[in-house]
Amino acid sequence: MASSPTVLMRLVASAYSIAQKAGTIVRRVIAEGDLGIIEKTCATDLQTKADRLVQVSICSSLARKFPKLTIIGEEDLPPEDVDQELIEDGQWEEILKQPCPSQYSAIKEEDLVVWVDPLDGTKEYTEGLLDNVTVLIGIAYEGKAIAGVINQPYYNYQAGPEAVLGRTIWGVLGLGAFGFQLKEVPAGKHIITTTRSHNSQLVTDCITAMNPDDVLRVGGAGNKIIQLIEGKASAYVFASPGCKKWDTCAPEVILHAVGGKLTDIHGNALQYNKEVKHMNSAGVLATLRNYDYYASRVPQSVKNALVP
Ligand code: AMP
Ligand code: MG
Ligand code: MG
């Protein structure tokens, strides 16, 4: 007799359905035409109606099903009654059929921390660069990112009317990552993807020292990890504070599940326990292959400027 799915696999299966609903909300807000933009800390740090609605949708849907989880969302929102229409109760059956890696089979709900970025790439969302946008749900256990779901609401939006709009990528360490075709940048090519909205001298100095063949400036941490796993970029380099734990948790899992590596700019693993500070103060360095090439070229001056 097949055993019933573990807490982790039930959570991932629910997060998949919840992320799909999030994608529909992100598209609906654009279609309705009123983004309701608010500046948070500065003009490049924005929140829209979609960030707010999706955070309520994800956090409330997860909390109803898994009341003992710790859930940390990006947006600071006042408590309010939740519109039933925002609740997603489904779970993706394909995920429930997958085996849970044995090291995670005894995990209890209260041991898991979920990091939620309801809309990653908000600046680009407000500028119409819609395929830069992702919804990120990352799951951590004992401080380590172990499972994650990424919805890309506008995947294929320029591919013509027949193309299916939007997709969901998911992964669990020890099981794999699914929902995309793994591809590598041709050997010997160094293509760096980095921020377009949060550049700084340190970011530029670090990239220059890596002597890239090309530099892609795009929005979103989730989007940049998708570029790594789909062979569009060979390294994600962000030598600056600014990126937070909810930006990196889910993307890190997808990358690690296919053999890549994500660290801070010093080479330290990121920690995701609930007490950790939210800011990734020492930046981000991520690759699918060839991590050492990039890590060995981070200038000492850049390292000295970025204290973990
Ligand atoms: P980017 O590569 O600029 O799209 O940044 C990736 C993620 O980190 C996004 O969620 C950004 O909002 C966030 N981020 C990076 N730098 C900053 C910053 N200086 N201020 C606020 N958020 C930032
Ligand atoms: Mg983000
Ligand atoms: Mg966000």
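What's the number of the condition Val116 fails, among (1) within 16 Å of ligand 1 (Cβ to nearest atom); (2) farther than 22 Å from Arg167 by Cβ; (3) among the β-branched types (Val, Ile, Thr); (4) touching a Cys at 6+ places or on another chain (Cβ under 9 Å)?
(2)
Consider only pairs whose beta carbons are under 9 Å apart and that are at least six residues apart or on different chains; among these, list those whose first residue lies in region 119-130 and is more than 12 Å from Thr44 (Cα to Cα) and whose second residue is at pLDDT below 95.
Qualifying pairs under 9 Å: Leu130/Tyr157; Leu130/Gln158.
Among the numbered criteria (1) surrounded by 20 or more Cβ atoms within 10 Å (Cβ to Cβ); (2) more than 30 Å from Ala43 (Cα to Cα), which single criterion is violated by Glu85?
In the conditions (1) surrounded by 20 or more Cβ atoms within 10 Å (Cβ to Cβ); (2) more than 30 Å from Ala43 (Cα to Cα), Glu85 misses (1) alone.
Which one of these does Asp131 not meet: (1) touching a Gly at 6+ places or on another chain (Cβ under 7 Å); (2) open to solvent by 10 Å² or more (accessible area, probe 1.4 Å); (3) within 16 Å of ligand 2 (Cβ to nearest atom); (4) of a type outside the set (Lys, Arg)?
(1)
Anything in region 172-222 that is closer than 30 Å to Val7 by Cβ and within 16 Å of ligand 3 (Cβ to nearest atom)? List them, or say none.
Passing the criteria: Gly220, Ala221, Gly222.
Would you say Thr24 is open to solvent by 40 Å² or more (accessible area, probe 1.4 Å), polar (S, T, N, Q) and within 13 Å of ligand 3 (Cβ to nearest atom)? Step through it out loud before you land on a result.
Values: open to solvent by 40 Å² or more (accessible area, probe 1.4 Å): yes; polar (S, T, N, Q): yes; within 13 Å of ligand 3 (Cβ to nearest atom): no.
Answer is no for this residue.
In this structure, does Ala233 turn out to be modelled with pLDDT under 95 and out of contact with any His (no Cβ under 8 Å at 6 or more places or on another chain)?
Values: modelled with pLDDT under 95: no; out of contact with any His (no Cβ under 8 Å at 6 or more places or on another chain): yes.
Taking the combined requirement at face value, the residue does not satisfy it.
Which of the residues spanning region 174-217 are part of a loop (DSSP other than H, G, I, E, B), among the β-branched types (Val, Ile, Thr) and either open to solvent by 50 Å² or more (accessible area, probe 1.4 Å) or under 19 Å from Ile265 (Cα atoms) (or both)? Walk me through it before giving the result.
Of the residues in region 174-217, the ones part of a loop (DSSP other than H, G, I, E, B) are 174-175, 179-182, 184-190, 195-200, 210-213.
Cutting the leftovers down to among the β-branched types (Val, Ile, Thr) gives us 185, 195.
Passing the criteria: only Thr195.
So that you can scan it fast, the table gives a plain yes or no per residue for (1) modelled with pLDDT of 95 or more; (2) under 19 Å from Tyr155 (Cα atoms); (3) in a helix (DSSP H, G or I):
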position: Leu8; (1), (2), (3): yes, no, yes
position: Ala19; (1), (2), (3): yes, yes, yes
position: Ala31; (1), (2), (3): yes, yes, yes
position: Leu35; (1), (2), (3): yes, no, no
position: Leu46; (1), (2), (3): yes, no, no
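Looking at Tyr294, is it open to solvent by less than 20 Å² (accessible area, probe 1.4 Å), in a strand (DSSP E or B) and under 21 Å from Lys183 (Cα atoms)? Show your work before the answer.
Values: open to solvent by less than 20 Å² (accessible area, probe 1.4 Å): yes; in a strand (DSSP E or B): no; under 21 Å from Lys183 (Cα atoms): yes.
For Tyr294, the condition - open to solvent by less than 20 Å² (accessible area, probe 1.4 Å), in a strand (DSSP E or B) and under 21 Å from Lys183 (Cα atoms) - is not met.
Looking at the structure I just gave you, is Ala235 of a type outside the set (Asp, Glu), more than 16 Å from ligand 3 (Cβ to nearest atom), within 24 Å of Pro308 (Cα to Cα) and open to solvent by less than 50 Å² (accessible area, probe 1.4 Å)? Walk me through how you get there before you give the answer.
Details: of a type outside the set (Asp, Glu): yes; more than 16 Å from ligand 3 (Cβ to nearest atom): yes; within 24 Å of Pro308 (Cα to Cα): yes; open to solvent by less than 50 Å² (accessible area, probe 1.4 Å): yes.
It is true that Ala235 is of a type outside the set (Asp, Glu), more than 16 Å from ligand 3 (Cβ to nearest atom), within 24 Å of Pro308 (Cα to Cα) and open to solvent by less than 50 Å² (accessible area, probe 1.4 Å).
I need the full set of residues from region 134-144 which are open to solvent by less than 10 Å² (accessible area, probe 1.4 Å) and more than 16 Å from ligand 1 (Cβ to nearest atom), in order please. If you could, list the steps in order and put the result at the bottom.
The initial filter retains those residues of region 134-144 that are open to solvent by less than 10 Å² (accessible area, probe 1.4 Å), namely 134-140, 143.
Ile139, Ala140, Gly143 - these are the residues of region 134-144 that are open to solvent by less than 10 Å² (accessible area, probe 1.4 Å) and more than 16 Å from ligand 1 (Cβ to nearest atom).
Six or more apart or on different chains, Cβ under 9 Å: which pairs go from a residue in region 253-269 that's open to solvent by 30 Å² or more (accessible area, probe 1.4 Å) and at pLDDT 95 or above to one that's among the basic types (Lys, Arg) and not in a loop (DSSP other than H, G, I, E, B)? Could you list them?
Once the first residue is open to solvent by 30 Å² or more (accessible area, probe 1.4 Å) and at pLDDT 95 or above and sits in region 253-269, its partners that are among the basic types (Lys, Arg) and not in a loop (DSSP other than H, G, I, E, B) give His266/Lys303; Ala269/Lys144.
The values are calculated or read from the model by the stated rules, or taken from the named source; none is laboratory data. Remember, predicted model here, so these are calculated numbers, not experimental data. Here Cβ is always computed from backbone atoms with ideal geometry, including for glycine, and neighbour counts include all displayed protein chains. Surface areas here come from the heavy atoms of the whole protein model, side chains and all, with no ligands, DNA or RNA. Shrake-Rupley method; radii C 1.70, N 1.55, O 1.52, S 1.80 Å.
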